[in-house]
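A.B. asks: I'd like to ask some things about the structure below.
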Amino acid sequence: MRALAVWLLVAACLGWAVVRLLGLERGFPLVPLVAFTPFVAAGAAAIVLVALVLRQRAAALVATVATLVLVAVVAPRALGGPSEPEGATGPRLRVLTANMRFGNGSAEALVALARRTRADVLSVQELTPDLAIRLDEAGLAELMPSRISEPQPGGSGMALYSRVPLEPTAVIRRSKNPMPVGSPRLEGAPPVDIVAVHPVPPMRTRVREWRANLRVLPPATPDGRLRILAGDFNATLDHAELRRVLDTGYEDAAAEVGAGLHGTWPRGRRFPPPVAIDHILADERCGVRAVSIHTIPGTDHRAVLAELTLPRS
């Protein structure tokens, strides 16, 4: 019975490794489950030890293969440091993103965080009309007077706030949550578009909609205008759909500096374990100096701040 149990666990780990490596997750529950690949990688390593203790050498060998595959796709997110691509010698841009959980996050804490970190642009998801008022009352109107704001009841509201003048570029409406796009005016830098991102979560009946929402995100344009995507993607780097976006020419800021395994959701719960679904994706021509993760009372997401260096115009 012990040998059978070990082999069942090994088979599960090997199957998970194949699905993750080839991007085969489809439908529910595979799509949401694949977000927990880092924890499966740790579990696979433990299964290797169990198999060795039970003298199941063949099982240990197969588990080792699965472990190596999973570690190979996960470990790079915990490695690295500040990046400075050739040409990224322009001004710095601090981008902050926060999901405020149906408007329940602390407006005072978010404004204080934006002030303390000297954020230039703030992407807010799940912005309700009441939260929009509370943010301005807490000082955001003076701190970041330029904005593209679409507050809505529930979890669909979005906004971009900026310390510097922000030119409205577009609003992506081919998703349930309207995703505003703005271009901050930065002296010494080429034009850059920042997109506030929030696809629907890949729940039981919404996986197809989640995929469609990710596919309307604008691709990077390596030879054209700079783009930065910031928000709650409801996806981790273990999702093939998010990797498809990255492959157009973005880099995940947190993974670039070795902070890609810091969970951002859910905060304050014992289950499920936290995963990184809040991201700042920057054009590969940008440098990433630092990324930090911050707690805001009242929301189950943690805010993400990325300090970027833009190319010089």
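The values are calculated or read from the model by the stated rules, or taken from the named source; none is laboratory data. Values in this document were obtained by computation on a predicted structure and should not be read as measured data. Quick reminder, even Gly has a Cβ in these numbers, built from the backbone with ideal geometry, and neighbours come from all protein chains shown.
A.B. asks: What pairs can you find where one residue is in the range 122-144 and surrounded by 22 or more Cβ atoms within 10 Å (Cβ to Cβ), the other is of a type in the set (Phe, Trp, Tyr), and their Cβ atoms are less than 6 Å apart, with a gap of 6+ or different chains?
C.D. replies: Filtered contacts from the range 122-144: 122/161; 126/102; 144/161.
A.B. asks: So which of 258, 249 ends up being out of contact with any Ser or Thr (no Cβ under 6 Å at 6 or more places or on another chain), among the small types (Gly, Ala, Ser) and farther than 23 Å from residue 301 by Cα?
C.D. replies: Going through 258, 249 in turn, just one is out of contact with any Ser or Thr (no Cβ under 6 Å at 6 or more places or on another chain), among the small types (Gly, Ala, Ser) and farther than 23 Å from residue 301 by Cα: 249.
A.B. asks: Can you tell me how many residues in the range 47-60 are part of a helix (DSSP H, G or I) and surrounded by 14 or more Cβ atoms within 10 Å (Cβ to Cβ)?
C.D. replies: So the count comes out to 7.
A.B. asks: Then there's this: Here are the criteria: (1) farther than 20 Å from residue 101 by Cβ; (2) surrounded by 23 or more Cβ atoms within 10 Å (Cβ to Cβ); (3) not polar (S, T, N, Q). Tell me which single one residue 311 does not satisfy.
C.D. replies: It fails just one condition, (2).
A.B. asks: Continuing with this model, one more query. If you check 282, 303, 290, which single one turns out to be part of a strand (DSSP E or B), modelled with pLDDT of 95 or more, touching a strand residue (DSSP E or B) at 6+ places or on another chain (Cβ under 6 Å) and over 19 Å from residue 250 (Cα atoms)?
C.D. replies: Going through 282, 303, 290 in turn, just one is part of a strand (DSSP E or B), modelled with pLDDT of 95 or more, touching a strand residue (DSSP E or B) at 6+ places or on another chain (Cβ under 6 Å) and over 19 Å from residue 250 (Cα atoms): 303.
A.B. asks: Further, regarding this structure: Going by the structure shown, is residue 202 buried (at least 17 other Cβ atoms within 10 Å of the Cβ), in the same structural domain as residue 235 (by TED's automatic domain parsing), over 23 Å from residue 286 (Cα atoms) and modelled with pLDDT of 95 or more?
C.D. replies: Spelling it out, residue 202 is indeed buried (at least 17 other Cβ atoms within 10 Å of the Cβ), in the same structural domain as residue 235 (by TED's automatic domain parsing), over 23 Å from residue 286 (Cα atoms) and modelled with pLDDT of 95 or more.
A.B. asks: Moving on. Condition check: closer than 28 Å to residue 211 by Cβ, free of Cβ contacts under 8 Å to residues at least 12 places away in the same chain and of a type outside the set (S, T, N, Q). Does residue 49 satisfy that?
C.D. replies: no
A.B. asks: Another question about this same structure. Let me confirm something: among 249, 268, which residue is on the phi > 0 side of the Ramachandran plot, among the small types (Gly, Ala, Ser) and surrounded by fewer than 17 Cβ atoms within 10 Å (Cβ to Cβ)?
C.D. replies: 268
A.B. asks: Cβ-Cβ distance below 8 Å, separation of 6 or more or different chains: which pairs start in the range 65-87 with a residue that is under 9 Å from residue 41 (Cβ atoms) and end on one that is part of a loop (DSSP other than H, G, I, E, B) and among the acidic types (Asp, Glu)?
C.D. replies: Close Cβ pairs (under 8 Å, with a partner that is part of a loop (DSSP other than H, G, I, E, B) and among the acidic types (Asp, Glu)) amount to 73/238; 74/238.
A.B. asks: Scan the range 183-194 for residues that are buried (at least 18 other Cβ atoms within 10 Å of the Cβ) and either free of Cβ contacts under 8 Å to residues at least 60 places away in the same chain or part of a loop (DSSP other than H, G, I, E, B) (or both) and report the count.
C.D. replies: Final tally of qualifying residues: 4.
A.B. asks: Still on this structure, please answer the following. Output the qualifying pairs, or none if there are none: Cβ atoms under 6 angstrom, residues six or more apart or on different chains, first residue in the range 277-295 and closer than 17 Å to residue 266 by Cα, second residue small (Gly, Ala, Ser) and assigned to a strand (DSSP E or B).
C.D. replies: Correct list of pairs: 294/303.
A.B. asks: If you go through the range 17-38, how many residues are assigned to a helix (DSSP H, G or I), buried (at least 16 other Cβ atoms within 10 Å of the Cβ) and in contact (Cβ under 8 Å) with a residue 40 or more places away in the chain?
C.D. replies: Residues in the range 17-38 being assigned to a helix (DSSP H, G or I), buried (at least 16 other Cβ atoms within 10 Å of the Cβ) and in contact (Cβ under 8 Å) with a residue 40 or more places away in the chain: 9 in total.
A.B. asks: Would you mind stating whether residue 244 is closer than 24 Å to residue 207 by Cα, in contact with an Asp or Glu (Cβ under 9 Å, 6 or more places away or on another chain) and either buried (at least 18 other Cβ atoms within 10 Å of the Cβ) or assigned by TED's automatic domain parsing to the domain that holds residue 209 (or both)?
C.D. replies: No: the conditions fail for residue 244.
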